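A quick write-up on the structure given underneath.
The numbers here are math on the coordinates, done by the rules we state, and not lab data. Just so it is clear, the structure is predicted and the values come from calculations on it, not from any experiment. For neighbour counting, all protein chains shown are included, and Cβ atoms are generated from backbone atoms with ideal geometry for every residue, glycine included.
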Amino acid sequence: MSNQKLSEFDVQEAIKDVANLMGVAARTAPKSAGKDFVVVKAIYGEDVIKLAKEMVSYGEQMGKKNFDRDGDNVKNSLAVLLIGIKDAVSLGLNCGACGYDRCADRISHQGSEFDGPQCAFRLLDMGIAIGSAVKTAGIMNVDNRIMYRAGVVAKKMGLIDADFVMGIPLSVTGKSIYFDR
């Protein structure tokens, strides 16, 4: 058996396979009342670089910390999987978790970074989808990290049509680039 490293081409192909499997895991994750409002998109290459640059720029413009740090991580990633929710209808339980006592009273609006308020159960659906996706990456030994900041900027750039979104950058190196930052 050879002790060769994977070529860059092999790593790029492998990361696409893993991102696709992560997308499948997110898509098939359980959803409240069986209604699916989760959206998933993978980006590669120039889109990853553009996202990274925009993250740094957004952090500087808005005076927000750590967009530069996370943008640097994204820049050094092979792909970013974006998972969000779009037009998520309330579950109808009138639980008040979104801030309104009755689901019918919930008034959607565009926020500074995300649109809301969102039904807590739909956010849980998104969280379960994200957990399923990162579990899949972990099984495949692909380093990843769930990033709010990548989601904010991906939404602003129109990389994904979602009301609320998180980004999951993916990396294949000898040591995870997402820790000890």
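The phi-based Karplus calculation (6.51 cos²θ - 1.76 cosθ + 1.60; θ = phi - 60°) puts the 3J(HN,Hα) values of the range 36-46 at 10, 10, 7, 10, 9, 8, 9, 10, 9, x, 4 Hz, whole numbers, x for Gly and Pro. Dividing the summed -39500 (n - 2.57) terms of all DSSP H runs of n ≥ 4 by the residue count of the chain sets its mean residue ellipticity at 222 nm at -14000 deg cm²/dmol.
Taking 0.36 nm per residue of separation and subtracting the Cα-Cα distance, full extension of the segment from V24 to D101 would add 24.3 nm.
Work through the residues other than M126 whose Cβ is under 11 Å from its Cβ and net out their charges, Lys, Arg +1 and Asp, Glu -1. Mind showing how you got there, number by number?
On the way: positive: K31, K86, R122; negative: D36, D125, D163.
Local net charge: 0.
Rg over Rh for the chain works out to 1.01, using Cα positions for both radii and the Kirkwood form for Rh. Specify the angular offset, from 0 to 90 degrees and rounded to the nearest 10, of the alpha carbon long axis of helix 8-28 from the longest principal axis of the alpha carbons in the chain. Taking Cα atoms only, the helix is inclined about 20 degrees.
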